[in-house]
Each structure stands twice: as structure tokens, then as C-alpha cells.
1. How much FRET efficiency would the formula 1/(1 + (r/R0)^6) give for LEU57 and GLU120, where r is the Cβ-Cβ distance and R0 is 22 Å, rounded to 0.05?
2. What are the aspartates and glutamates whose alpha-carbon lies under 18 Å from the alpha-carbon of LYS12, with same-chain residues fewer than 8 places away excluded?
3. Per 5 Å bin, what is the whole-percent P(r) computed from every C-alpha pair distance within region 181-226?
4. Per DSSP helix of 4 or more residues, -39500 (n - 2.57); summed, then divided by the residues of the chain. What does that give at 222 nm, rounded to the nearest 500?
5. Using every pair of alpha-carbon atoms in the chain, split the distances into 5 Å bins beginning at 0 and state the percent of pairs per bin, rounded to integers.
6. In the calculated pair distance distribution of region 15-88, what percentage of Cα-Cα distances lie above 21 Å?
7. Send over the Kirkwood Rh of region 79-131, from the inverse of the averaged 1/r over different Cα pairs, rounded to one decimal Å.
8. Projecting each Cα onto the charge dipole of region 1-137 (Lys/Arg +1, Asp/Glu -1 at the beta carbon, about the Cα centre), which of ALA20, ALA50, GLY34 comes out farthest on the positive side?
Amino acid sequence: MVHLIEFKRVYKIYQMGDTAVHALDGVSLSIDKGEFVAIVGQSGSGKSTAMNIIGCLDVPTQGQYFLGGVDVSTMDDDQQAEIRNKMLGFIFQQYNLIPKLNVLENVELPLLYAGVPERERRERARAALGRVGLEDKCKNLPSQLSGGQQQRVSIARALAGDPSVILADEPTGALDSRTGREVLGFLKKLNREGDTVVLITHDNSIAVKADRIIRLQDGRIIYDGDAHDPQAVVQPTLSGDEDEEVMH
């Protein structure tokens, strides 16, 4: 069986002065089409590194990463950019909308970069906005929307490219709890409709909305299983003070 996402003994090693820091330390995992998986961990656990490799934004130091059965771990930047555009849809904590473009234009933007003809671009962007309930906001600027609506626009932008994987990095981090629940509800809805969702978070209350949790600590998987198993939300004991963000 070909997995949609597969890590085979993936290492990511950063040199910090005289010290080699293993951000990922021999991680093996697989995610199949149609799953809703949360990759969870505190700062320094390796979750951001894992996200960057899944998102074709970085490559392993050692090991292999397969996306849709294709080994992307040895690709150059241009090849990675191509597979990223074809197979991945990104949702970020800060929305990353362009203030001067209206909602429809923001959703169209990745399709423009991908060379999709204007008419098809427009149709796909409208359809994606329809899926998140914002078809009537096409002409609005981002500043005219609430935080939750802006995040839904960013979800529509991810959907417009018809990606194999939706990669959501702390998607509720900039939202209040009620709006955050609404956005998570949209991700669950998309998953029920067949989309594969990989959610990156440090927050257990967010992670349990997924069906499966992969928990990282010090670059290694310490739990991989049902999100509703009590073991899934046991906080690990911190054993290091490395801050993962320093590595980027």
C-alpha cells in the first residue's frame, strides 16, 4: 500500500556551535488519504521541523520522505516548489492575506502563480469560498472581515488548488476560543468530505479534535494513536531546554 505521507527514519540535524541538535531523531510515520491527524509537541519537540519537511519547505539530513509515493527528500528547490504547488494546501496562524487584494483575489493568488487560466482560476476560487461559507464576501477586503472569516479565506485559498494534503500550522493561534472552535469545525467538515488534514499544534485541546495524534518529544515520536485515548493527551516531561524556533 502506498501511503500519502511517509517518513522512513527521518533525521534533521542542526549544528549549533559545537553541538549537533537532532530536531528529528530517526522518525518513521505514515499518514493515509482521508485521515485527520494532529502532530503535537511543545517548543523544541520537532513538530515544526516535521511540518517543514511534510510541506516540502525543508529536506531531511538523513532518511527518506515520500509524498504520494514520490521520494521528495532528494529533490532540489524547484522540484520541491512544483510538488508543493500541486499537492499541498497551507493554512497559517496569521492568515497571510494580502491587504490590498479582495477576498476572491487572495484565494486566486496561488492559482495565478501555478499558471491556471483566469476563468478556471475564478471558478475554483468561488467554489472554494462556497465551501467555507464566504461566497458573499468575494469583493470584501481582508480588513473588512473578522479574524475567523479571514482564517476561513485562508482555508479557501488552501482548498482552491485541490491539494492532496491540507497542512494547518496552529490555525487557531490568533483567534479567540469560540472562533477557534468554528475554524476547527470547518477543518473537521472538510475531512468528512474527504480531505486529508494534518494539523500542527502545541495545544491538547486543539489536538483532540483530530482522529489521530502523533506526539513528538525531543525529536522522537512518543505517542501515535487514537486522539481519544487518555494516553494521547498526557503531557511529556520536558527533558531539554532547546527552543526549536532558534533552529530556523
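1. Numbers: r = 27 Å, r/R0 = 1.22.
Given R0 = 22 Å and the Cβ-Cβ separation, E is 0.25.
2. ASP25, ASP58, ASP71, ASP76, ASP77, ASP218, ASP241, GLU242, ASP243, GLU244, GLU245
3. Binned Cα distances yield the sequence 5, 19, 29, 24, 13, 8, 2.
4. Working: 7 runs with 78 residues, N = 248.
The per-residue figure over the chain is -9500 deg cm²/dmol.
5. P(r) over the chain, rounded to whole percents: 1, 6, 14, 17, 19, 17, 13, 8, 4, 1, 0, 0.
6. On the way: 815 of 2701 pairs.
Roughly 30 percent, once rounded to a whole number.
7. On the way: mean 1/r = 0.0834 Å⁻¹.
Every distinct Cα pair counted, the radius reaches 12.0 Å.
8. So the residue we want is GLY34.
The values are calculated or read from the model by the stated rules, or taken from the named source; none is laboratory data. Everything quoted here is computed from the prediction, not taken from an experiment. No Cβ is skipped: glycine too gets one built from the backbone with ideal geometry, and neighbour counts run over all protein chains shown. Only protein heavy atoms, including side chains, enter the accessible area calculation; ligands, DNA and RNA are left aside. Shrake-Rupley method; radii C 1.70, N 1.55, O 1.52, S 1.80 Å.
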